[in-house]
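The values are calculated or read from the model by the stated rules, or taken from the named source; none is laboratory data. These numbers come from a predicted model, not from an experiment. All Cβ positions, glycine included, derive from the backbone under ideal geometry; neighbour counts span all protein chains shown.
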Amino acid sequence: MADLYQLLRPLIFRLPAETAHSLTLKALQMGALPAPARPSSTRLKTRLAGIELDNPFGLAAGFDKNADVPWAMHRMGFGFVEVGTITPRPQAGNPKPRVFRLVQDGAVINRLGFNNAGLAAALPRLAKVPADVALGINVGANKDSIDRIEDYCACIDAVLPYARYLTINISSPNTPGLRDLQAAQDLSKLVSRAVHTRGAHTAPIFVKLAPDMDSAALLEALDAAVEAGADGFIDTNTTLARPASLKSPAKDEAGGLSGAPLLTSSTRVLAQVAKHLGPSVPLIGVGGVASGADALLKIKAGAHAVQLYSALVYHGPGLIRRMAADLDDTLEQAGYASVADAIGTGIDAILETA
């Protein structure tokens, strides 16, 4: 499968990135893409906020905005699948073109703007997701919302019956003013309302943070969110920064940068978060993960699980199986009996090299 994708990739890359993605979703819905055997090593089994996972690899939000293919991505090998971002009302997003491949950098820039079909369209699909899929549901606010906190709560209330966990996305750079909700006072209000809306339901609430916050603001946001009842954090979303190392012609396009160039900076933020909060707060590491070694780096930085998306663009549907085998071997060679044994073991070393 990996070789076939590499053969087809030049043809796929002739299409605009968003068109290629839409065709991929249709192929997955039709069952046209073969599913490799799911990773089965007991060494890869882990727990994320009380959720039992076959492996620590999760699909990041953004790939399946409308919950069209969570079961297909589970079959592809992901230990958990996050859909969305879902907003209360349908939203067209920003003008096209709005997704750009940075091929020379193994990266993507997007300025999609929470384009999705809305809550009413997603709910029937969510209701059909099999129980064995560890499903995360990522929610957001409409661009023109009068009360953004109410948008989050309306989504949480509606999707609760289907969610193994919930993600409050306040860190997309493509909705004007959204990142303002990361300020400690605003974040405290949002999380408090979200926790109240969740009520007695057991789905943990994760907050997805940006990689571009300064250290003081980041720590204040973490403390405010934890005090308000957040269960965990996803570190990090895309970045507005443009590393000097970027080579691709599209490097100066507006939007959030994801993929390989984000690995070092997002892992440093992850380690800061883990150091500050301690091992009891579940963290999901995302940003630049494209190999088993990348996944282990995130885990050693404090992640209980990892997510990826951009790497699929460059490496295709066989990537998860290869990453799982790589991580399994690496854990064994390093003397770790499980993912849990490796969590947080590299935090100080990562921060010392920052």
From the list 308, 319, 277, which one is modelled with pLDDT of 95 or more and either among the β-branched types (Val, Ile, Thr) or under 19 Å from the mean Cα position of the chain (by Cα) (or both)?
308
Looking only at residues that are among the hydroxyl-bearing types (Ser, Thr, Tyr) and at pLDDT 85 or above in the stretch 21-57, which one is nearest to residue 314 (Cα to Cα)?
24
From the list 226, 269, which residue is of a type outside the set (Gly, Ala, Ser) and either touching an Asp or Glu at 6+ places or on another chain (Cβ under 8 Å) or without any contact (Cβ under 8 Å) to a residue 12 or more places away in the chain (or both)?
269
So for the stretch 22-35 (the condition being surrounded by fewer than 24 Cβ atoms within 10 Å (Cβ to Cβ), charged (D, E, K, R) and touching a residue at least 60 places away in the same chain (Cβ under 8 Å)), does at least one residue qualify?
no
Would you point out the residue of the stretch 114-150, among those that are among the small types (Gly, Ala, Ser) and surrounded by fewer than 21 Cβ atoms within 10 Å (Cβ to Cβ), that is farthest from residue 53 (Cα to Cα)?
145
Given 38, 89, 47, which one is surrounded by fewer than 19 Cβ atoms within 10 Å (Cβ to Cβ), of a type in the set (D, E, K, R) and under 20 Å from residue 160 (Cβ atoms)?
89
Just for the stretch 131-142: of the residues that are in contact with a Pro (Cβ under 9 Å, 6 or more places away or on another chain) and farther than 10 Å from residue 87 by Cα, which one is modelled with the highest pLDDT?
135
Have a look at 342, 349 and point out the one that is hydrophobic (A, V, I, L, M, F, W, C), modelled with pLDDT under 95 and over 19 Å from the mean Cα position of the chain (by Cα).
349
Can you tell me which residue among 164, 193, 198 is under 17 Å from the mean Cα position of the chain (by Cα) and of a type in the set (Lys, Arg)?
164
Which listed residue is farther than 24 Å from residue 261 by Cβ and free of Cβ contacts under 8 Å to residues at least 40 places away in the same chain, from 67, 92, 72
92
Could you say which residue among 221, 203, 216, 230 is assigned to a helix (DSSP H, G or I) and under 25 Å from residue 83 (Cβ atoms)?
221
Flag for residue 100 being of a type in the set (A, V, I, L, M, F, W, C), at pLDDT 95 or above, on the phi < 0 side of the Ramachandran plot and not in a loop (DSSP other than H, G, I, E, B)
yes
What is the number of the single condition among (1) at pLDDT 95 or above; (2) not in a loop (DSSP other than H, G, I, E, B) that residue 11 does not meet?
(1)
Looking at the stretch 143-164 only, could you name the residues that are at pLDDT 95 or above and part of a loop (DSSP other than H, G, I, E, B)?
163, 164
Any idea how many residues of the stretch 78-110 are within 16 Å of the chain's Cα centre (by Cα) and not polar (S, T, N, Q)?
11
Extreme residue, surrounded by the most Cβ atoms within 10 Å (Cβ to Cβ), among residues of the stretch 58-84 that are in a strand (DSSP E or B) and modelled with pLDDT of 95 or more
82
Out of the residues in the stretch 178-209 that are free of Cβ contacts under 8 Å to residues at least 40 places away in the same chain and of a type in the set (A, V, I, L, M, F, W, C), which is surrounded by the most Cβ atoms within 10 Å (Cβ to Cβ)?
191
Enumeration of residues in the stretch 24-56 that are more than 18 Å from residue 168 (Cα to Cα) and in contact with a strand residue (DSSP E or B) (Cβ under 6 Å, 6 or more places away or on another chain)
46, 53, 56
How many residues of the stretch 66-80 are within 30 Å of residue 146 (Cα to Cα) and of a type in the set (A, V, I, L, M, F, W, C)? The answer is 1
